[in-house]
Amino acid sequence: MILLVAGLVLAGVLAWQAADAARSHQDATAAVLRDYAGLAGTEFVRRSSALVGYEGCFRLVTAIRQATPPLSPGSAAARDQVATQDEVAARLDANTRRALDLATRYLRFHAASGRLAATDPLPEALSQKLAGRLGEASGRSASGRGAFTTIQLNDEGTARAFVVAPIEAAPARGGESAPADLVGFELNLDALTPWFQQVLQRAPLLPPSISHGKVGNDRLTVEVVDASGRTRFRSGALTYGGFGEEIPFGDAYDGVFEGMRLRVSLNAAAAPALVIGGLPRSRLPQLLVLLVVAAGLTAAGLVLLRRERAVAAMRTEFVSRVSHELRTPLTQIRMFSETLLLDRVRTDGERRRALQIIDDEARRLGHLVENVLQFARGERGALQLDLQRRDLGALIRETVEGFEPMARRAGAAVESRFTGDLTARLDTGALRQVLLNLLDNAVKYGPEGQRIRVEAERLDGVCRIRVEDQGPGIPAGERDRIWEPFQRLRREETAAVAGTGIGLSVVRELTDLQGGRCWVEERPEGGARFVVELPAAGTDA
């Protein structure tokens, strides 16, 4: 039992280690795929920042600078003169004119007065906030920092971006550059979609040396989120999830996308091209099944072990019972044999009584030995019967007559009654053993002075034998159990009545081998009725 439990524990430990190893393998593969997704995302940030920054914002802001009317000396009205879209478009060629879609309005900021003008006026609060930020940017622009400046603002939960550049450097004052006037535009974030799509269509984000040319951008999900958390672009091939990373755009290309984030995810279907063996499947279901099977086998082993121990205990008890059963008739035979040998009898009647006791005990001993031999043959599967047409009535009568002396010694009487044609296919020795076992049980467990009744009749192609006693009967819940080897009634386990526990199991086995069946039922007048049915002559065995 300890080995079985130890085996189950060992199986559990091995299953846990296998699951842990598979999980570690999965985690390592997932980390590699996330790294590749991060690599693809970094490349997307670089390409999109460069594309929108140079082909879009830089081209557009350059055209705006060229189209902005110059500031006339002393003319305050000139401060509000902003380039129109037609004027800006005239400075762009056919290849760069698509940059116009990036602007929703054009701006002009006068650094000295802090005045902000736009082709489409902004809300007052937003205009003041933007003017303050432009004032800060004008100083940086005057010092020549970057081709343009991007200003990100949050307008009541909505992200807005403005791209500005100096018209021209202001004259120096006392060795320091004066703030420069700025021109620019508000970046149309909703117009970025075709630019991002162009990035995905140009070339794979993962180098062919890594993916062997098998992982295209269709295996990636790309999502661009602005500073307010609103999605501005999403590739529609796949849903976001799986092995992904989140990458900030940062200040790439003069911060054109500063504050925005990129979510990139790699489809698990790309794993075989990136990792040898691909993404390992979870072994947990198989391991759980194997563990359940191991637990089931262990449980079955424990049950079988328990049954084996129970059978071993029953066999030990059986040997003890048989030894006791053999000792009693042997003691009687030996005692009365010595009485006769030493001529201690006084009359011929005593001599005859001693001989009768020796004969009865010898019969009893022979019956017990025959039971044990029949049981042993049945256990080995070596029982072979010779089924022939026999007169069942004559065989019953002969067996009852031979048993009557033993019944009389126990204070019991045996009555028999037969009706109809009782010719049946049977084995003489087997049926005699069946009848003797039933009669012996009736005498052993019935009261002194009882009348045992043996009846036989033919019914519907079978010959039915009934042996009735006047004992306490068999409880309904134990009527099936008593036919099993080594089983006795629970009330008899502590009783003084001896028994081997194999008599009725021999009855059932011999009856089955003759093609019949047997059962026990309650006798209407009290007691037990054992019934044996055998095929009548002329029917199938």
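In whole angstrom, and with the biggest value first, how far do the Cα coordinates of the chain range along each principal axis?
Extents along the principal axes: 169, 51, 46 Å.
Fully extended, how many nm does the chain gain between Arg409 and Thr119 (0.36 nm per residue separation, minus their Cα-Cα distance)? Write out the running numbers ahead of the final one.
On the way: separation 290, 0.36 × 290 = 104.40 nm, distance 13.29 nm.
Difference between extended and current length: 91.1 nm.
With only Lys, Arg, Asp and Glu charged, each at its Cβ (+1 for the first two, -1 for the last two), find how big the charge dipole of the chain is about the Cα centre; round to the nearest 20 debye.
Numbers: 68 positive and 67 negative charges, 124 e Å.
For the chain, the charge dipole is close to 600 debye.
From the residues Gly259, Leu459, Ala131, which one has its Cα farthest along the dipole of the chain in the positive direction, the dipole being from +1 and -1 charges on Cβ of Lys/Arg and Asp/Glu about the Cα centre?
So the residue furthest toward the plus end is Gly259.
Using 0.36 nm per residue of separation minus the Cα-Cα distance, give me the extension gain between Gln487 and Val9 in nm, one decimal.
Numbers: separation 478, 0.36 × 478 = 172.08 nm, distance 3.60 nm.
Full extension of this stretch gives 168.5 nm more.
Considering the dipole of the chain built from charges on the beta carbon (Lys and Arg +1, Asp and Glu -1) around the Cα centre, which of Ala424, Ala30, Val183 is farthest to its positive end?
Ala30
Quick check on the chain: of the DSSP beta bridges with both residues there, what percent are antiparallel, nearest 5%?
Numbers: 64 of 71 bridges.
Among the beta bridges of the chain, antiparallel pairing accounts for roughly 90 percent.
How large is the dipole of segment 322-478 about the Cα centre if only Lys and Arg carry +1 and Asp and Glu carry -1, each at its Cβ, rounded to the nearest 20 debye? Can you show the working numbers first?
Numbers: 25 positive and 26 negative charges, 41 e Å.
About 200 debye.
Among bridges DSSP assigns within segment 385-541, what percent are antiparallel (round to 5)? Intermediate values should be presented prior to the final figure.
On the way: 25 of 32 bridges.
Here the antiparallel bridges make up roughly 80 percent for segment 385-541.
Using a Förster radius of 56 Å, what is the FRET efficiency between Thr419 and Leu305 based on their Cβ-Cβ separation? Nearest 0.05, please.
On the way: r = 52 Å, r/R0 = 0.93.
Efficiency, rounded to the nearest 0.05: 0.60.
Work out the length of the dipole vector of segment 385-541 about its Cα centre, built from +1 on the beta-carbon of each Lys and Arg and -1 on the beta-carbon of each Asp and Glu, and round it to the nearest 20 debye. Provide the component values of the computation, followed by the final result.
Working: 23 positive and 27 negative charges, 44 e Å.
So the dipole magnitude of segment 385-541 works out to roughly 220 debye.
Please list, by residue number, every one of the GluC sites (Glu not before Pro) in segment 386-494 that is coil in DSSP and has at most 15 other beta-carbon atoms within 10 Å.
Details: sites: Glu398, Glu401, Glu415, Glu448, Glu455, Glu457, Glu468, Glu478, Glu492, Glu493; in loops: Glu448, Glu493.
Answer in residue order: Glu448, Glu493.
Using just the Cα positions, wrap segment 385-541 in a convex hull and report its mean projected area in square nanometres, one decimal place.
Details: hull surface 35.1 nm².
The Cα convex hull of segment 385-541, projected and averaged over all directions, gives 8.8 nm².
Assuming a ≥ b ≥ c are the square roots of the Cα gyration tensor eigenvalues, decide whether segment 339-437 counts as rounded (a/c under 1.5), prolate (otherwise, with a/b larger than b/c) or oblate.
On the way: a/c = 3.20, a/b = 1.61, b/c = 1.99.
Oblate shape, in that a/c is at least 1.5 and b/c is the bigger or equal ratio.
Say R0 is 51 Å: what FRET efficiency, to the nearest 0.05, do Asp155 and Gln286 get from their beta-carbon distance? Write down the numbers at each step before the final one.
On the way: r = 56 Å, r/R0 = 1.10.
It comes out at approximately 0.35.
Please list 99-105, 151-157 highest first by mean number of surrounding beta-carbon atoms within 10 Å per residue. Please report the intermediate quantities before stating the final value.
On the way: 99-105: 19.4, 151-157: 14.3.
Highest-to-lowest ranking by the protection proxy: 99-105, 151-157.
Could you tell me which helices of the chain pass both thresholds, a Cα extent of 27 Å or more along their own axis and a mean Kyte-Doolittle hydropathy of at least 0.5, with helices taken as whole DSSP H runs?
Values: long enough: 2-50 (71 Å, 0.58); 284-341 (83 Å, 0.68); 348-380 (48 Å, -0.91).
What comes out of the filter, once short or polar helices are dropped, is 2-50, 284-341.
Fully extended, how many nm does the chain gain between Glu136 and Gln17 (0.36 nm per residue separation, minus their Cα-Cα distance)?
On the way: separation 119, 0.36 × 119 = 42.84 nm, distance 6.15 nm.
Once the chain is fully extended between Glu136 and Gln17, it gains 36.7 nm.
Each value in this text was obtained by applying a stated rule to the coordinates, not by laboratory testing. This structure is a prediction, so every number in the text was calculated from the model and none was measured. Methodologically, a virtual Cβ is constructed for each residue, glycine included, from the backbone with ideal geometry; neighbour enumeration extends over all protein chains shown.
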